[in-house]
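Here is the structure we will look at, set down as structure tokens.
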Amino acid sequence: MTSRPAPAELAAVLRALPPSLGPVRLVAVDGHAGSGKTTFAARLAAALDDAPVVHLDDLATHRELFGWVGRLREQVLEPLGRGEAAEHRVYDWTARRFSGTRRVEPAPVVLVEGVGAGRAELRPHLAALVWMELDADAASARGLLRDGPGLADFWQGWIRAERAHFAADPSRPHAGIRVDGVTGRILRCTVSETPTPLLTWDVAGN
């Protein structure tokens, strides 16, 4: 296998899965902040003919870093489950309030990316769960470097909240696809722990 095959190979696997939420195959991309989720989700979405991507950063708030499940369920999951377009409010992290909305069409595959996307409350609705394989310290270092010293205090609070979340509700053991956050190698199924990479992409960023 070549080192950088077409993303269409993974896209074909996802398209072949049975729908998990009404007519939609909901695919979660989870991992530590800074592990490469946003970049990976964007590339996968492009391979899926510009599949919609729901960013959990748009639904979280400063006061509710992980308290977005109700908003996701009511504004996104329930409409998609009925085969209808969803529209969710978008949080402005600078203004510290919700501002504007984003529309999500009930496409064959819809991606939801963000820390906690594979949490227990969402797993019954998922067709697949992808975990970005980069340890917490390395991911945090990447995120701090990306965001700069001005957000160092926020990152310290985030790290505590993230670690508490994954200690109580880990996603990684339930992921059927794991992606190395450094090399971009995609490994199948944590159950079998198969070491053979299926695909390789360059992954960097959030």
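Taking each residue of segment 71-91 that is at negative phi and looking for partners that are open to solvent by 30 Å² or more (accessible area, probe 1.4 Å) and of a type in the set (A, V, I, L, M, F, W, C) with beta-carbon atoms closer than 7 Å, six or more apart or interchain, yields Pro79/Ala85; Arg89/Phe98; Val90/Phe98; Tyr91/Phe98. Scanning segment 55-73 for residues that are open to solvent by less than 20 Å² (accessible area, probe 1.4 Å) and assigned to a loop (DSSP other than H, G, I, E, B) yields Leu59, Ala60, Thr61, Trp68.
Would you check which residues across segment 83-103 are assigned to a loop (DSSP other than H, G, I, E, B) and open to solvent by less than 40 Å² (accessible area, probe 1.4 Å) and list them?
Matches in segment 83-103: Gly83, Ala85.
The set of residues in segment 104-132 that are touching a Ser or Thr at 6+ places or on another chain (Cβ under 7 Å), farther than 11 Å from Val54 by Cα and in a strand (DSSP E or B) comprises Leu129, Trp131, Met132.
Residues satisfying the criterion are present in segment 134-143 (criterion: crowded, with 18+ Cβ neighbours inside 10 Å, of a type in the set (S, T, N, Q), under 21 Å from Ala42 (Cα atoms) and modelled with pLDDT under 95).
Annotation note: of Leu10, Leu26, Leu44, Leu77, the sole residue that is outside any loop (DSSP other than H, G, I, E, B), at pLDDT 95 or above and out of contact with any Ser or Thr (no Cβ under 9 Å at 6 or more places or on another chain) is Leu77. Once segment 154-194 is narrowed to residues that are under 23 Å from His125 (Cα atoms), part of a loop (DSSP other than H, G, I, E, B) and aliphatic (A, V, I, L, M), the residue that is modelled with the highest pLDDT is Ala175. The single condition from (1) in contact with a Lys or Arg (Cβ under 7 Å, 6 or more places away or on another chain); (2) at pLDDT 85 or above that Trp201 fails is (2).
The values are calculated or read from the model by the stated rules, or taken from the named source; none is laboratory data. The structure presented is a predicted model; accordingly, all values stated were derived computationally and were not measured. Here Cβ is always computed from backbone atoms with ideal geometry, including for glycine, and neighbour counts include all displayed protein chains. What goes into the accessible areas is simple: the full protein's heavy atoms, side chains included, and nothing from ligands, DNA or RNA. Shrake-Rupley method; radii C 1.70, N 1.55, O 1.52, S 1.80 Å.
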